[in-house]
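S.K.: If you scroll down you'll find the structure; I have some questions about it.
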Amino acid sequence: MISFFVCLALLIGGYVLYGSYVSRTFGPDDRETPAIAMEDGVDYVVMPTWRIFLIQLLNIAGLGPIWGAVGGAMWGPSVFLWITFGTIFCGGVHDFASGFMSMRHKGLSVPELTGMYMGNGMKQIMRVFSTVLLFMVGVVFAVGPAGLLGYLFGQGGSTGILTNKYFWLVIVFIYFFIATFLSVDKIIGKIYPLFGICLIVMAIGVGIGTIAKGYVIPEIFPVRNMHPAGTSIFPAMFISVACGACSGFHSTQSPIMARCCKSEKMSKMVFYGAMVCEGIIALVWAAASCALFPIEGGVMSGLQEAMSVGQAGCVYNICATTMGKLGAILAMLGVIACPISSGDTAFRSARLTIADALKLDQKSYRNRLILTLPLLALGVLVSQLDYTSIWNYFASTNQILAAIVLWAAAMYLRHEGNHGFICAVPAAFMTAVTLSFVFNSTLYLGRISFFPPISKYLGIGIAVVLFALFVLKAPTGSKSAK
C-alpha cells in the first residue's frame, strides 16, 4: 500500500513542480486568446476555468482511465509506475503542448499544427489519420452504451422497445447530433462538468472503499510481470494503458477547450492539470483492481476471471464491492454516460478537423450541417458493421498519434529557441513503444511480424536515431503566431 500512496504523492507533486516547469518552458503570456479574438458563439466561447477543467477532464477521460487501468492491472502493480511517470513526463506534457499550441495558433486542430512544424505531407496524413480515429471512437462509444442500455432493460425477461439496442442507438446518435451541432456551451458546457464530478467521486469512493474495507494493495517492488498469459510489459502494457498515462486522443480534444480559454495562463490547470487528475483516477482503479481479486501463483488470475464477463461487468463488480448500492448506481452512470461523453466530443472534433482543413467557417448553421449530417449518417451505417478487428487497431494508433504530436511539440519549441527535450524525450519513448508493438504485431505485418526481441531492438533503435536527428538537425528560430 506504501507504493500506492507514494505514486499518489508523486502525481500531485508532479503537477506542482514539473507542471510549472513545463509551463515556464512554453511561456504563456497575456496575449489575446482565440476565445476572445475569434469569439463566434459556437466553438469559440469564453468559459470559466473550473468549467473548462471539468469539461477537459471528461473529454480526455470518459471511461479511458477506468478501462485502461483495469486492463493494465493484469500486469500487476508495476502498472503504477507507467501511470505515474507516464502522466508526469509524457501525458501531461503531450496534453499541455497540444492545448497550448492550439491556443497560440487560432485554436487550430492537431493536423494543422503538425503540418506547421513537420511539413505539409505530415499534415495531410494527420488530417486523414486523426479524422478516422475520431470517427472510430464516436461510433464505438455509441454502440457500447446502446447495447448496455438494451441489456439492462432486458433483465428479468422484460421485452419491448426499451430492450432493443437499435432504439437506444438512435437515441444516442440524436444526442450526438445535438452536441456536435450546437455551440459548445449549450450542451457540453452544461452537462459535462456534472459528469466530470461524478467521475471524480466514483474514483474517490473506489479508493476509500478499497482501503476502508481492508483490501491490501500490493507493492510495486520487486517489479515483476504478473500477467496470466505472460504477455511482456514492454511494449504491451504501454499500449494498453493509454488514458491515464499518455493518449494521442487527448490532442484531438484539447483544441475544443483551447478555443474557450480566456488566458494562456490557464494551460497548466486545464491541460496538464486535467491529465494529472486522470492519472490519479487511473491509479485508484489500477490499485483497486490489484487489491480486490485473488493473486494465485504470482499472477493476476482473480482479475482475469473477473474480466471474463467483460470490462463493464468488472467495473460494476469493483464499484459494488467498494461502495455498495451507491457504487452500483455510479458504475451504471460511468459505463453508460462516460462513453457517450467521449463519443460526442469525438464527432465534434472530427467536424472541427474537417472544417479547419476545408477552411469552412462554422458560425454558419448551414456550414455546420454540411459537415455534421454526413458524419453522423456515416456513423449510423458503420455502427451496423462488425468492427471488432478495426477497434483492435485503436490502442496502437492512439499511441502513434501521441508520439507524432510530441515530436511536433518538440519542433515547435525548437522554433521558439528552446532545446525541446521535454517533448523530444517522451516522443522518442513513445516512438519506441509504438514501433516495437507494430513490428511484433500480426495486426500490421501479418505473418512477417518479427520475434519480440528483434521488434524491440528495431523499435528502440529507430527511436534513438530519430532523437539523434532531432538533436543534430532540427532547426531553431521563431515560427509561432505572434
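The values are calculated or read from the model by the stated rules, or taken from the named source; none is laboratory data. Bear in mind the structure is a predicted one, so any value in this text is a computation, not a measurement. Every residue, glycine among them, receives a Cβ derived from its backbone with ideal geometry; neighbour counts consider all protein chains shown. Quick note on the areas: whole protein, heavy atoms, side chains included, nothing else; ligands and nucleic acids left out. Shrake-Rupley method; radii C 1.70, N 1.55, O 1.52, S 1.80 Å.
S.K.: How about segment 19-43: which of its residues are surrounded by fewer than 19 Cβ atoms within 10 Å (Cβ to Cβ) and either in contact with a Phe, Trp or Tyr (Cβ under 7 Å, 6 or more places away or on another chain) or more than 30 Å from ARG348 (Cβ to Cβ) (or both)?
M.R.: Scanning segment 19-43 gives SER20, TYR21, ARG24, MET38.
S.K.: Scanning segment 354-387 for residues that are touching a residue at least 12 places away in the same chain (Cβ under 8 Å) and small (Gly, Ala, Ser), which turns out most open to solvent (accessible area, probe 1.4 Å)?
M.R.: ALA357
S.K.: Can you tell which of ALA97, ALA9 is open to solvent by 10 Å² or more (accessible area, probe 1.4 Å), assigned to a helix (DSSP H, G or I) and aliphatic (A, V, I, L, M)?
M.R.: That would be ALA9, the only listed residue that is open to solvent by 10 Å² or more (accessible area, probe 1.4 Å), assigned to a helix (DSSP H, G or I) and aliphatic (A, V, I, L, M).
S.K.: Within segment 110-128, track down each residue that is open to solvent by 10 Å² or more (accessible area, probe 1.4 Å) and of a type in the set (S, T, N, Q).
M.R.: The answer is ASN120, GLN124.
S.K.: If you don't mind, there's one more thing I want to ask. Might you let me know whether segment 63-79 holds any residue that is open to solvent by 40 Å² or more (accessible area, probe 1.4 Å) and not in a helix (DSSP H, G or I)?
M.R.: Among the residues of segment 63-79, not one is open to solvent by 40 Å² or more (accessible area, probe 1.4 Å) and not in a helix (DSSP H, G or I), which makes the answer no.
S.K.: How about segment 110-213: which helices (runs of 4 or more DSSP H) wholly inside it have at least 1 residues that are polar (S, T, N, Q) and over 30 Å from ALA408 (Cα atoms)?
M.R.: The qualifying helices (runs of 4 or more DSSP H) are 188-212.
S.K.: Among the residues of segment 150-163, how many are open to solvent by 70 Å² or more (accessible area, probe 1.4 Å) and either farther than 17 Å from MET332 by Cβ or not small (Gly, Ala, Ser) (or both)?
M.R.: Matching residues across segment 150-163 total 6.
S.K.: Could you check VAL241 against (1) open to solvent by less than 10 Å² (accessible area, probe 1.4 Å); (2) under 13 Å from the mean Cα position of the chain (by Cα); (3) under 30 Å from VAL46 (Cα atoms); (4) not small (Gly, Ala, Ser) and say which number it fails?
M.R.: (3)
S.K.: Of all residues in segment 21-52, which are in contact with a helix residue (DSSP H, G or I) (Cβ under 7 Å, 6 or more places away or on another chain) and either outside any loop (DSSP other than H, G, I, E, B) or at positive phi (or both)?
M.R.: VAL22, SER23, THR25, PHE26, PRO34, THR49, ARG51, ILE52
S.K.: Still on this structure, please answer the following. Report every pair of residues separated by at least 6 positions or lying on different chains whose Cβ atoms are under 8 Å apart, first residue within segment 326-351 and over 15 Å from TYR175 (Cα atoms), second basic (Lys, Arg).
M.R.: ARG351/ARG368
S.K.: Look through THR231, THR252 and report the one residue that is in a helix (DSSP H, G or I), of a type in the set (Val, Ile, Thr) and open to solvent by 10 Å² or more (accessible area, probe 1.4 Å).
M.R.: THR252
S.K.: Can I ask one more? Filter segment 174-191 for residues that are among the aromatic types (Phe, Trp, Tyr), open to solvent by 10 Å² or more (accessible area, probe 1.4 Å) and in contact with a helix residue (DSSP H, G or I) (Cβ under 6 Å, 6 or more places away or on another chain); which is nearest to PRO111 (Cα to Cα)?
M.R.: PHE181
S.K.: Would you mention how many residues in segment 271-309 are open to solvent by 20 Å² or more (accessible area, probe 1.4 Å) and either part of a helix (DSSP H, G or I) or not acidic (Asp, Glu) (or both)?
M.R.: Counting residues in segment 271-309 that are open to solvent by 20 Å² or more (accessible area, probe 1.4 Å) and either part of a helix (DSSP H, G or I) or not acidic (Asp, Glu) (or both) gives 15.
S.K.: Do the conditions hold for GLU296, that is, is it without any contact (Cβ under 8 Å) to a residue 12 or more places away in the chain and out of contact with any strand residue (DSSP E or B) (no Cβ under 8 Å at 6 or more places or on another chain)?
M.R.: Answer is yes for this residue.
S.K.: Which number in (1) more than 14 Å from ALA73 (Cα to Cα); (2) in a loop (DSSP other than H, G, I, E, B); (3) open to solvent by 10 Å² or more (accessible area, probe 1.4 Å); (4) in contact (Cβ under 8 Å) with a residue 12 or more places away in the chain marks the one condition that ARG224 misses?
M.R.: Only one criterion in (1) more than 14 Å from ALA73 (Cα to Cα); (2) in a loop (DSSP other than H, G, I, E, B); (3) open to solvent by 10 Å² or more (accessible area, probe 1.4 Å); (4) in contact (Cβ under 8 Å) with a residue 12 or more places away in the chain is unmet by ARG224, namely (1).
S.K.: Something else now. Which residues, counting only those in segment 323-340, are open to solvent by 10 Å² or more (accessible area, probe 1.4 Å) and over 15 Å from GLY64 (Cα atoms)?
M.R.: MET323, GLY324, LYS325, LEU326, ALA328, ILE329, LEU330, MET332
S.K.: What are the residues in segment 244-270 that are over 12 Å from the mean Cα position of the chain (by Cα) and not charged (D, E, K, R), if any?
M.R.: Result: PRO255, ILE256, MET257, ALA258, CYS260, CYS261, SER263, MET266, SER267, MET269, VAL270.
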